[in-house]
1. Out of region 74-85, which residues are in a helix (DSSP H, G or I) and crowded, with 18+ Cβ neighbours inside 10 Å?
2. Just to verify a result, which residue in region 302-317, among those that are surrounded by fewer than 18 Cβ atoms within 10 Å (Cβ to Cβ) and touching a residue at least 24 places away in the same chain (Cβ under 8 Å), is nearest to residue 332 (Cα to Cα)?
3. Test of understanding: among 105, 91, which residue is touching a helix residue (DSSP H, G or I) at 6+ places or on another chain (Cβ under 6 Å) and free of Cβ contacts under 8 Å to residues at least 12 places away in the same chain?
4. Within region 302-334, how many residues turn out to be closer than 29 Å to residue 71 by Cβ and in a loop (DSSP other than H, G, I, E, B)?
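No lab work stands behind these numbers, since they all come straight from the coordinates. In this text, all values refer to a predicted model and were calculated from it rather than measured experimentally. With ideal geometry, Cβ positions are generated from the backbone for all residues, glycine too; neighbour counts draw on all protein chains shown.
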């Protein structure tokens with residue numbers, strides 16, 4: 001969806017008189033973000049600093065996902081806000097994909113610093129030469145620099161241009177292969193090839209847009225596969241192996257409250273309290289009225305020694321499910 005189309009849908013959303021089943025404050029936030037989306041960097045979109053650590057990027061992705069993931073509003077009347085939510089979430093996924101990958105992130109951030117444009121200019125512009133270079137003084141048919149074993153700065157820059165053009169060509173080839181895989185229905189393979197295209201040519205906006213279009217569906221497929229493998233290993237009591245796949249799944253599907261809760265319980269059992277707490281908070285934030293999620297978070301906080309917060313969460317769990325004897329017992333000793 002181009003910037004002009006976003007603006008048109010944004011205007012339709014602002015002028016819509018049909019009943020919309022989301023709060024007005026959220027409607028305004030969606031409109032404002034959609035309006036600014038084409039000009040935002042990936043860092044700005046996720047709300048993280050340019051020097052943000054991987055954990056900060058992950059948290060930024062989760063915060064944006066829990067608000068703008070279209071599945072959060074399943075069966076609600078969204079009207080013109082539905083395409084805006086889809087567009088925002090696609091960009092959020094692409095931002096996370098680039099910023100969590102060390103090489104893609106370095107290449108992307110380098111393009112942000114390059115001037116004057118996002119694309120590679122023609123050789124003359126790249127070399128900074130207004131016209132043909134002057135012929136160097138020669139001695140015996142060879143330049144003095146060549147006789148001294150030195151290369152001309154113009155030759156070095158020309159070699160650089162050739163390497164850049166070669167890189168762009170490889171990026172285009174991977175992108176064309178990705179389109180063929182997409183036509184055959186292999187979203188995961190298509191997404192992988194687009195990552196390669198971006199690695200060779202991070203300046204190409206078309207590749208970033210394609211990544212945004214494909215990744216949400218590809219990630220959903222990968223998350224489902226990873227979760228199935230994890231559940232299979234759990235059935236074999238292979239906790240460590242299961243955790244590896246389930247952690248992959250939650251990274252790909254950050255709005256799956258049930259999966260976050262399951263992982264929190266597994267990490268609690270291993271004594272990984274910090275990760276367990278993070279996952280349990282994710283589950284509670286995604287489904288605030290789920291007594292089981294509140295209970296798990298309260299028990300984890302108790303293990304961490306945060307008795308005040310533990311009491312708060314367990315009390316809320318008791319209010320939501322007064323028949324849970326385990327919660328009543330835990331509260332009695334706090």
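1. Those that are in a helix (DSSP H, G or I) and crowded, with 18+ Cβ neighbours inside 10 Å: 81, 83, 84, 85.
2. First, the residues of region 302-317 that are surrounded by fewer than 18 Cβ atoms within 10 Å (Cβ to Cβ): 303-309, 311-312, 315.
When the remaining residues are screened for being touching a residue at least 24 places away in the same chain (Cβ under 8 Å), the result is 303-304, 307.
Numbers: 303: 15, 304: 18, 307: 12 Å.
Step by step, filter region 302-317, then rank; the result is 307.
3. Result of the check over 105, 91: 105.
4. The number of residues fulfilling the criteria is 2.
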